[in-house]
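This report concerns only the one structure given below.
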Amino acid sequence: MSKAFEQRKETINGTEYVFQFPGLRAANEISDRAKNQFGVVQQTKMQDEYFAHVVVSPKVSWDYFENEKPEDYAQVLKICNEVFQGPFAGK
């Protein structure tokens, strides 16, 4: 039986965001998809993956940050980077 992934909740400028580590295999697959042919991470692709797989709620996109909550963008990405590093129990 698989264990549910832990989630981290953060309130940024009045909006509660829920972040979740996608699991070891999924995280490696995401990293692979975000790299170019030289193995360099492409930030746009990585952020697309974060929006789809790390930010659980609310559902976010480039339009969300450009039109609704531009002030949250940098902080959300900072937390995505932290969560994406792996299990974060106790943090």
Considering every residue within segment 83-90, establish whether at least one is surrounded by 18 or more Cβ atoms within 10 Å (Cβ to Cβ) and in contact (Cβ under 8 Å) with a residue 40 or more places away in the chain.
yes
When segment 34-70 is checked residue by residue, the ones that are surrounded by 12 or more Cβ atoms within 10 Å (Cβ to Cβ), in a helix (DSSP H, G or I) and charged (D, E, K, R) are LYS45, ASP48, GLU49, GLU68
In segment 1-16, residues that are at pLDDT 95 or above and either among the hydrophobic types (A, V, I, L, M, F, W, C) or farther than 18 Å from GLN85 by Cα (or both) total 6
State yes or no: is SER61 of a type in the set (Gly, Ala, Ser), closer than 17 Å to GLU6 by Cα and at pLDDT 95 or above?
no
Pull up segment 1-33, narrow it to residues that are of a type in the set (S, T, N, Q) and in a loop (DSSP other than H, G, I, E, B), then point me to the one that is nearest to GLN75 (Cα to Cα).
ASN13
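The values are calculated or read from the model by the stated rules, or taken from the named source; none is laboratory data. Note that the structure is a prediction, hence the values are computed from the model and not measured. Note: ideal-geometry Cβ built from the backbone for every residue, glycine included; neighbour counts use all protein chains shown.
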